[in-house]
Amino acid sequence: MTTINQQAGAAATAMLGLGVHRPERVVTNDEICEVLDSSDEWIQTRSGIRTRRYAAEGESLLDMATIAAERALKASGVAAGDLGTVIVATSTHVQHTPAAAPLLADRLGSRAAAFDVSAGCAGFCHALSVASDLVRGGNAGYVLVVGVERLSTFMDPTDRGTAFIFADGAGAVVVGPADEAGIGPVAWGSDGSQSHVITQSVRCDELSPEHPLFVRMEGTQVFRWAPFAMADVARTAVERAGLTLDDLDVFVPHQANLRITETLARNLKLPEGIAIARDVQDSGNTSAASVPLAIDAMLSSGEAKPGDIALLIAFGAGLSYAGQVVRLPRA
Ligand code: UT7
């Protein structure tokens, strides 16, 4: 009988280092409202967003991903040549083929296996889970995971449902073997029956400059779903990690809207003293980049520290969602 060898990898994995890139250009609500029929007060009250960052004109999605990735490699002490896999979570890479990941790997000087994950705002948490399993399964020694978006390219500045929400940025982590488990089992799933709620058209007849590929969103539908459905997903992620809510130091939900974060935290009945990410206030909603950017903001402000136990939950287009309990990396 022919036997196919199946290997096992690291007994435990963790995020070894984090790196982010926030574009320099700060965009205020007043600037958004020069074109959008809205107001600073409405935007802050309904979304919590005060400012967000947009990439500069010549600053590409790959430029942002490269900076974040180089910082993550440095923070983790891993060389690009030691990466076994590069995964980019994004919805705003401008080509279907080639994917962003092989282009990024090349820029870093890596010949690793490289592919993109398309799971909307949940992409980073999906990719993190896949990365951990690759290392645990022995198919990669180290995996670079990048969440990056250049959503400013894909927004209709006059659309009251999206123009003030989305923004640009990149966050990256290196996943590798660890002495102590640092990435818990994922709780994830999808509800394609609500796929119409967030869309970005790729119809060929819309591929002209007159009809750019704008993101459209029925925000209220997302609002009705996320704070309730994600509370169950969060509880499942904590249970699967063998922990309780009392074991958490930090809560980092996808930075969709401050009101969603606060309603979700209330529904979860998080114990007092758990630090809650509120990066949406100054970063806007950066989709697949929002979770690593929010972690970075908390590490930089001192609200959280490397080694803290954090619950990550991301959700968005698909509708798709994923969450896990992690140990925070160093930045
Ligand atoms: O990251 C991917 C997942 N996406 C999200 O998680 C986004 C989730 N959804 C949201 O963040 C919110 O639904 C929004 C911030 C997009 C909108 O907030 P909302 O509380 O759901 O507002 P709404 O659409 O129900 O509109 C409320 C009111 C309406 O006026 P009336 O009918 O009450 O008089 C709208 O016409 O606000 C009006 N309105 C606006 N006014 C000023 C809607 N959009 C705007 C606007 N500026 N941009």
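The values are calculated or read from the model by the stated rules, or taken from the named source; none is laboratory data. All values reported here derive from a predicted model rather than from experimental measurement. A quick note on method: Cβ atoms are made from the backbone with ideal geometry, for glycine too, and the neighbour counts reach across all protein chains shown. Quick note on the areas: whole protein, heavy atoms, side chains included, nothing else; ligands and nucleic acids left out. Shrake-Rupley method; radii C 1.70, N 1.55, O 1.52, S 1.80 Å.
Hey, can you grab everything whose amide H is under 5 Å from the amide H of N285? Only 5+ residues off in sequence or another chain; H modelled, so Pro and N-termini drop out.
Result for N285 returns F166, A167.
Can you give the longest run of the chain that contains no GluC sites (Glu not before Pro) sitting in a DSSP loop with at most 16 other Cβ atoms inside 10 Å?
With a cap of 16 other Cβ atoms within 10 Å, the longest stretch comes to 58-179.
Nearest 20 debye, what's the magnitude of the dipole of the chain about its Cα centre given +1 on Lys and Arg Cβ and -1 on Asp and Glu Cβ? Provide the component values of the computation, followed by the final result.
Details: 25 positive and 38 negative charges, 133 e Å.
Dipole about the Cα centre, nearest 20: 640 debye.
With every protein chain kept in place and ligands, DNA and RNA left out, what is the accessible area per residue of segment 13-177? Probe 1.4 Å, answer in Å².
38
Does segment 13-177 come out rounded, prolate or oblate by the C-alpha gyration tensor, with a ≥ b ≥ c the root eigenvalues, rounded set by a/c under 1.5 and, if not, prolate when a/b is larger than b/c and oblate if not?
Cα axes put segment 13-177 in the prolate bin.
With the full set of protein chains in place, find how many percent of the accessible area of the chain is carbon and sulfur; take the probe as 1.4 Å. Please list the in-between numbers first.
On the way: 7000 of 14270 Å².
Of the solvent-accessible surface of the chain, carbon and sulfur hold 49 percent.
So for segment 48-174, averaging the separation of alpha carbon pairs under 8 Å that are six or more residues apart and normalising by length, what relative contact order in percent results?
On the way: 225 pairs, mean separation 44.5, N = 127.
Once normalised by length, the contact order is 35 percent.
Need one number: % antiparallel among DSSP beta bridges in the chain, to the nearest 5.
Roughly 65 percent of the DSSP beta bridges within the chain come out antiparallel.
Using only DSSP helix segments of four residues or longer, with each worth -39500 (n - 2.57), what per-residue ellipticity at 222 nm results for the chain after dividing by its residue count and rounding to 500?
Values: 9 runs with 101 residues, N = 331.
One gets -9500 deg cm²/dmol as the mean residue ellipticity at 222 nm.
With springs only between Cα atoms under 10 Å, which of G192, G316, G19 fluctuates most in a Gaussian network model of the chain?
Result: G192 has the largest fluctuation of those listed.
How many nm is it between the label spots at R330 and R259, if each spot is 7 Å from the Cα in line with the beta carbon?
The two pseudo-label positions are separated by 4.2 nm.
Taking amide hydrogens as modeled 1.01 Å from N in the peptide plane, which residues meet the under 5 Å criterion relative to T13, leaving out close sequence neighbours?
A178, G182, I183
What's the extension gain from V35 to D106 if we count 0.36 nm per residue and subtract their Cα-Cα distance?
Gain in length upon complete extension: 21.7 nm.
Test of understanding: what is the full-extension gain from R46 to D232, defined as 0.36 nm times their sequence separation minus their Cα-Cα distance? Mind showing how you got there, number by number?
Working: separation 186, 0.36 × 186 = 66.96 nm, distance 2.41 nm.
Result: 64.6 nm gained on full extension.
In a Gaussian network model over the chain where Cα atoms closer than 10 Å are linked, find which of G109, G161, G58 has the largest mean-square fluctuation.
Between G109, G161, G58, it is G58 that shows the largest mean-square fluctuation.
Between segment 116-159 and segment 288-316, what is the C-alpha centre distance in whole Å?
Each part's Cα centre sits 15 Å from the other's.
At most 15 other C-beta atoms within 10 Å and a DSSP loop state: those are the exposed trypsin sites (Lys or Arg not before Pro) I care about. Give me the longest piece of the chain that has none.
On the way: sites that count: R111, R160, R203, K269.
Longest site-free region, per DSSP loop and neighbour criteria: 1-110.
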